[in-house]
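A short worksheet on the structure shown next.
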Amino acid sequence: MTLKKLLMAVMFMSTWAVSAFSQVSLEECREKALANYPLAKRYGLIEQAQRFSLAEIARSYLPRVNLSGRSTYQSEVTPMGGLTQDQFQLGFELSQTLWDGGTSRAFKRAELVSTEIERKKLDTDMYAFAERVDQVFFGILLLQERIRSNGILQEELRVNADRIVASIRNGVAVQSDLDAISVERIAARQRDIEMQTDLSISKDLLSALTGMPLPPDTILAMPDAARPGLDSFDSGASSRRPESALFDAQEAFSTSQEALVNVALMPRFSVFVQGGYGRPGLNAMDAGDAAAYWLGGFRMNWSLDGFYTREDKLDTIGISRLEVENRREVFSFNTDLSMRQKSAEIDKYVALLTGDRELIALRTRMKQSAEVRVRNGTLTEADLLQAIAARNLAEQQMILHEIQYRAAIYGLKHLINQ
């Protein structure tokens, strides 16, 4: 079997092994990681807190009952009706709000918007966490591909070592030739040990992030290399991000605060019933005896304090609104710069990969030519080792650029939330 056929067989077996073992996609890792992240529990806590707050606001229209009592002794009394100096009263008041000026509705709206802000802040934190998962995932991919490439190199060195051993027996090669290739084989095995260790550590980290076991034979699937369309690079691309929804919620909160300022100017209307027992009662002509009493009516409360502070409060809310808008502009500006940077990185890796493919083709032909010349005795084993090392280095560079290219694409997708 020729070396070319052997390498093709090794690559076929590697491809078959990848398909035979379990594969995990980036999307699956993201989904599992977001569900496993302890911060995700806050979604449920936010919903519970909102339910309790809304229930408390809804109870503002329930009837109110107040109990009161007092006992007094006064120095003088009006000399009529038998009024005594010692007096007492025990009473209650039952009131029912008819209209609270829109206060409960405004507070309900403010509570809904406040909860939405908390939810969007959590979305932003979770979105940033997903980027960390991407970084670990692509780090593992790079190790996987380098280990695969190193395995092909080791097999190639083994085949050449067997050939040199045969050549030594035939008196064509010397021991130093075998020693030179043995050094390269040891170095390749050491690199494999180092990369396998790093791969195990990285897989443990990804397993901790996602909460799912990743056996040693688990292979991470290579993500799609499709580049986002040109329509993604528009001025509104940042609006797809969760941060944009957070800014919207903060602006809505400013609106809800303005509504609270305005409802503070409204009157409140209610009906009430009072009852009690005391001395004196309601009958002024029989004030000396304790008696039960009751009364009912209609009440209006209208505080004018809100008119004094309304303008200042609205100005403060207006400043808060401008601050939100400024943060939105800064975010859009930075996102646009990052998009341009990522796009330039992708273009760079496309150019590098084109050169890598040409370089590997040239290095492969040079290596094959060196193998022929070694068999014909016109080239030394040391020269062949240099050709093999140069070809492997070119392949390692292409692997690095390929992973960086895909990572840059997903970095761009993350920027525009695509």
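The values are calculated or read from the model by the stated rules, or taken from the named source; none is laboratory data. Note that the structure is a prediction, hence the values are computed from the model and not measured. As a convention, Cβ positions derive from the backbone with ideal geometry for all residues, glycine included, and neighbour counts pool all protein chains shown.
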Quick check, is Phe272 within 30 Å of Asp123 (Cβ to Cβ), touching a residue at least 60 places away in the same chain (Cβ under 8 Å) and of a type outside the set (Asp, Glu)? no
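Listed here are the residues, each with its yes/no results for (1) touching a residue at least 12 places away in the same chain (Cβ under 8 Å); (2) among the aromatic types (Phe, Trp, Tyr); (3) surrounded by 14 or more Cβ atoms within 10 Å (Cβ to Cβ); (4) under 19 Å from Thr103 (Cα atoms).
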{"residue": "Ser254", "(1), (2), (3), (4)": "yes, no, yes, yes"}
{"residue": "Leu265", "(1), (2), (3), (4)": "yes, no, yes, yes"}
{"residue": "Phe298", "(1), (2), (3), (4)": "yes, yes, no, no"}
{"residue": "Asn301", "(1), (2), (3), (4)": "yes, no, no, yes"}
{"residue": "Tyr308", "(1), (2), (3), (4)": "no, yes, no, yes"}
{"residue": "Asn326", "(1), (2), (3), (4)": "no, no, no, no"}
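Is it fair to say Ile181 is in contact with an Asp or Glu (Cβ under 8 Å, 6 or more places away or on another chain) and surrounded by 19 or more Cβ atoms within 10 Å (Cβ to Cβ)?
Yes; evaluated as a whole, the condition is true for this residue.
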Answer yes or no: is there a residue in the range 358-380 that is in contact (Cβ under 8 Å) with a residue 60 or more places away in the chain, among the charged types (D, E, K, R) and within 18 Å of Leu153 (Cα to Cα). yes
Out of the residues in the range 40-89 meeting the condition of being outside any helix (DSSP H, G or I) and hydroxyl-bearing (Ser, Thr, Tyr), tell me which one is nearest to the chain's Cα centre (by Cα). Ser68
Checked Leu337, Leu314 against criteria (part of a helix (DSSP H, G or I), among the aliphatic types (A, V, I, L, M) and surrounded by 12 or more Cβ atoms within 10 Å (Cβ to Cβ)); the one match is Leu314
Checking the condition under 30 Å from Lys342 (Cβ atoms), in contact (Cβ under 8 Å) with a residue 40 or more places away in the chain and in a helix (DSSP H, G or I), which residue from Leu209, Leu260 passes? Leu209
Among the residues of the range 362-418, write down those that are of a type in the set (Lys, Arg) and within 25 Å of Asp192 (Cβ to Cβ). Arg363, Lys367, Arg391, Arg406
Please enumerate the residues belonging to the range 407-418 that are crowded, with 19+ Cβ neighbours inside 10 Å and either in contact with a Pro (Cβ under 8 Å, 6 or more places away or on another chain) or of a type outside the set (Gly, Ala, Ser) (or both). Ile409, Tyr410, Leu412, Leu415, Ile416
Single residue of the range 90-111 satisfying the filter (among the hydrophobic types (A, V, I, L, M, F, W, C) and surrounded by fewer than 17 Cβ atoms within 10 Å (Cβ to Cβ)) that is farthest from the chain's Cα centre (by Cα): Leu90
How do the pairs read when you match residues in the range 216-236 that are outside any loop (DSSP other than H, G, I, E, B) with residues anywhere that are modelled with pLDDT of 80 or more, using Cβ under 6 Å and keeping only pairs 6 or more apart or on different chains? Ile219/Gln23; Leu220/Val24; Leu220/Ile140; Leu220/Leu141; Ser232/Ile416
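Based on what the data block shows, is Ala225 of a type in the set (Gly, Ala, Ser) and crowded, with 17+ Cβ neighbours inside 10 Å?
no
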What single numbered condition from (1) in contact with a Lys or Arg (Cβ under 8 Å, 6 or more places away or on another chain); (2) more than 30 Å from Leu282 (Cα to Cα); (3) in contact (Cβ under 8 Å) with a residue 60 or more places away in the chain fails to hold for Gln96? (2)
Just to verify a result, which residue in the range 63-88, among those that are out of contact with any Phe, Trp or Tyr (no Cβ under 8 Å at 6 or more places or on another chain) and at pLDDT 90 or above, is surrounded by the most Cβ atoms within 10 Å (Cβ to Cβ)? Arg64
Quickly run through the range 197-221 and pick out the residues that are in contact with a Leu (Cβ under 7 Å, 6 or more places away or on another chain) and either of a type in the set (Val, Ile, Thr) or farther than 15 Å from Ile147 by Cα (or both). Leu206, Ser207, Leu214
Checking Ser14, Ser22 in turn, the sole residue that is among the hydroxyl-bearing types (Ser, Thr, Tyr), within 34 Å of the chain's Cα centre (by Cα), closer than 26 Å to Asp134 by Cβ and at pLDDT below 90 turns out to be Ser22
